[in-house]
1. How would HIS5, HIS154 line up by accessible area, probe 1.4 Å, largest first?
2. Which residues among segment 22-45 fall inside the zone where the amide N is under 18 Å from a point 7 Å beyond the Cα of ILE156, along Cα→Cβ?
3. Taking the 0 to 90 degree range and rounding to the nearest ten, how far is the long axis of helix 132-141 tilted relative to the main principal axis of the chain, both from C-alpha atoms?
4. Using the Karplus curve 6.51 cos²θ - 1.76 cosθ + 1.60 with θ = phi - 60°, what ³J(HN,Hα) values do you get for each residue of segment 20-30, in whole Hz, with x for Gly and Pro?
5. Rounded to the nearest 10 Å², what accessible area does THR38 have for a 1.4 Å probe in the complete protein model?
6. How many nm separate the modelled label positions at SER53 and VAL139, each set 7 Å beyond the Cα in the direction of the Cβ?
7. Taking each pair of different alpha-carbon atoms in the chain once, compute 1/r for the pair, average those values, and report the inverse of that mean as the Kirkwood hydrodynamic radius in Å to one decimal.
8. On a 1.4 Å probe surface of the protein chains, which of ARG86, ARG157, ARG111 comes out largest in accessible area, and what is the full order?
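The values are calculated or read from the model by the stated rules, or taken from the named source; none is laboratory data. Since this is a predicted model, take the numbers as computed values, not measurements. Quick reminder, even Gly has a Cβ in these numbers, built from the backbone with ideal geometry, and neighbours come from all protein chains shown. SASA here: full protein model, heavy atoms, side chains in, ligands and nucleic acids out. Shrake-Rupley method; radii C 1.70, N 1.55, O 1.52, S 1.80 Å.
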Amino acid sequence: MAAVHLICGKICAGKSTFARTLAREKNAVILSCDEIMTLFPQPEGDEAYAAVSAGVKAFLLRKAAETVACGANVILDWGFWRKADRAETSAYFADKAISFQWYYLDIQDARWWENIALRNAAPGPSDYFVDEGLLQKCVRCFEAPDAEEARDWHVIR
């Protein structure tokens with residue numbers, strides 16, 4: 001039975017690397033918000049960026065549901081920084097009777113800083129450069145799943 005695999009974690013936690021490994025294991029298609037967003041000119045300002053990003057994510061949710069209906073596994077690789085977004089996404093798939101599994105990349109601070117430095121030194125085609133503003137936004141906005149939320153999740157440390 002096809003399923004959706006959802007990856008939660010901070011920027012530079014290793015989500016895309018993990019997604020590629022998981023895609024091989026699960027024979028899955030990766031749907032990445034960043035991959036789409038970096039194909040187009042970036043919207044000016046946080047509100048405009050958030051609006052475009054929300055539209056891309058809504059589109060990818062629909063595509064994930066369509067793909068699973070065709071019998072293929074899907075990986076959603078976009079971080080799911082906020083608890084409310086994770087709850088809404090879980091409800092979306094549950095309402096459609098689509099099997100889904102959450103993964104949380106719980107990266108330690110020392111490794112996180114190493115990943116940020118590595119990304120900034122050699123960003124990939126869909127990687128954002130992590131400047132001070134983006135770093136502060138991540139710190140401010142990321143809500144790590146608590147034990148209750150993550151009780152049925154795969155937690156990768």
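1. The ranking, largest first, comes out as HIS154, HIS5.
2. Hits in segment 22-45 for ILE156 at 18 Å: 22-35.
3. 40
4. These are the phi-based 3J(HN,Hα) values: 5, 5, 4, 4, 5, 5, 9, 6, 10, 8, 9 Hz.
5. 50
6. Label at SER53, label at VAL139, 1.7 nm between them.
7. Answer for the chain: a Kirkwood hydrodynamic radius of 16.2 Å.
8. Working: ARG86 5, ARG157 205, ARG111 120 Å².
Heavy-atom accessible area, descending, gives ARG157, ARG111, ARG86.
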